[in-house]
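Down below is the structure, laid out as structure tokens.
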Amino acid sequence: MKRNPLHIAVIAMVVSLALASCNGQQRTNSSTSGIAKVNCDESFRNILDQEIEVFEYSYPDASIMPRYMDEAAALDSLLHRHCDLIITSRDLTDAQRDILKKQGRAYRSRKIAVDAVAIIVNKNNDIDELSMSDLRDIFTGKSMRWGQVFPTKLKNDSVIVVFDGSGSGVMHFMKERFLDGGKFAGNVYAQKSTDDVFRVIQSRKNAIGFVGVSWITADLKDAERTIEEKVVDLKEKNDVSVIDFTDRIKVLAIRGDEQVQACKPYQAYINDGSYPLFRTIWAIDASAGGTLDHGFFSFLTGVIGQKIILQTGILPAAEPVRYVEAVK
């Protein structure tokens with residue numbers, strides 16, 4: 001017998017409703033339930049993954065779906081309405097704020113952390129520190145071999161510079177800091193991810209890589225704890241143990257132009273400015289109030305979210321929220 005298409009559609013609807021009733025009520029969207037998308041600069045992946053783990057454990061009906069990409073793509077996704085919540089290394093520009101206003105979208109932006117760019121080399125590289133001038137010479141192509149940078153056993157080897165992506169926040173930060181927006185020398189290469197940067201550094205003695213500090217911190221005790229234990233500590237403890245760096249690579253100390261002492265990117269040196277390559281992390285939210293996006297933004301900027309940031313090896317940086325009403 002030939003089936004009526006309308007009859008089939010009605011049956012499908014009845015079946016789907018029956019399945020929904022068997023599984024309980026459908027998940028509603030609120031500040032602690034539903035589904036939310038977050039687009040994030042790839043260099044902050046270690047931080048956001050930990051924030052999501054604790055948030056979803058605390059609110060079982062919430063599902064945060066992160067996408068990691070370069071910073072330029074994350075900003076574009078917000079401005080083109082593909083996403084309402086992003087994590088980047090910089091706040092919106094006046095032109096970008098105007099775009100959101102013309103779209104009738106209110107937004108909130110908050111600096112949630114002070115991060116730093118860590119400089120890593122192969123464990124067999126015998127250089128332990130660099131100056132800001134050394135880095136400038138490497139980026140401009142003035143120093144193309146390690147022997148032009150420092151007396152080293154790698155003196156005849158070319159300097160291979162690797163970043164986590166051509167549009168990443170790390171590359172953007174270093175370009176602005178050292179080149180005033182100009183072009184890098186021909187020995188600078190963009191990888192597809194931070195993991196790729198580590199792979200290059202571990203396999204090539206003459207490579208030098210640039211990554212966010214959270215990628216180099218190592219806390220074996222924290223890795224062994226369950227999510228339940230982590231949440232209890234976040235709620236009950238205010239102190240954070242000293243965080244060391246991973247032994248997969250060597251982390252270089254950096255000396256500022258006016259400094260005598262070179263420093264590694266430990267939290268204390270980021271905090272007092274002794275480590276010169278510090279930068280910011282921003283959460284930017286253009287979602288409606290009462291949605292999961294807005295709830296997760298509040299979590300990131302709240303007490304527990306800030307404690308998580310402190311435990312990743314960088315500094316929480318809570319500042320007053322800038323709230324802009326949508327133009328009607």
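Here are some notes:
- Length available on full extension from Gln148 to Val303: 0.36 nm per residue minus the Cα-Cα distance, which gives 51.1 nm.
- Cross-link partners of Lys230 among aspartates and glutamates (Cα-Cα below 17 Å; sequence separation of 8 or more within a chain): Asp49, Glu51, Glu53, Glu56, Asp219, Asp222, Asp239
- In the context of the full set of protein chains, residues of the range 126-192 present 49 Å² of accessible surface per residue (probe radius 1.4 Å, heavy atoms only).
- Model label sites at Ile227 and Ser193, defined 7 Å from Cα along the beta-carbon direction, differ in position by 2.0 nm.
- Between Gln261 and Asp49, the distance separating the two model label sites (each 7 Å from Cα on the Cα→Cβ line) works out to 3.4 nm.
- Within a straight-line Cα-Cα reach of under 27 Å, Lys123 can be paired with the following lysines, leaving aside sequence neighbours fewer than 8 residues apart in one chain: Lys142, Lys153, Lys155, Lys175, Lys192, Lys205, Lys221, Lys250, Lys264.
- Relative contact order of the range 258-322, pairs being alpha-carbon contacts under 8 Å that are 6 or more residues apart, as %: 27 percent
- Between Asn187 and any residue 5 or more places off or on another chain, the built amide H atoms are never under 5 Å apart.
- Taking amide hydrogens as placed 1.01 Å from N in the peptide plane, the amide H of Asp157 sits under 5 Å from those of Trp146, Gly147, each at least 5 positions away in sequence or on another chain.
- Compared with the direct C-alpha span, the chain from Asp98 to Lys235 gains 45.4 nm at full extension, assuming 0.36 nm per residue.
- Other-chain or far-sequence residues with amide H under 5 Å of Ala113's (modelled H): Ile281, Ala317
The values are calculated or read from the model by the stated rules, or taken from the named source; none is laboratory data. Bear in mind that the values here come from a model prediction, so they are computed numbers and not experimental data. Cβ coordinates were reconstructed from backbone atoms using ideal geometry, including for glycine residues, and neighbour counts include every protein chain displayed. Just the protein is used for accessible areas: all its heavy atoms, side chains included, with ligands, DNA and RNA removed. Shrake-Rupley method; radii C 1.70, N 1.55, O 1.52, S 1.80 Å.
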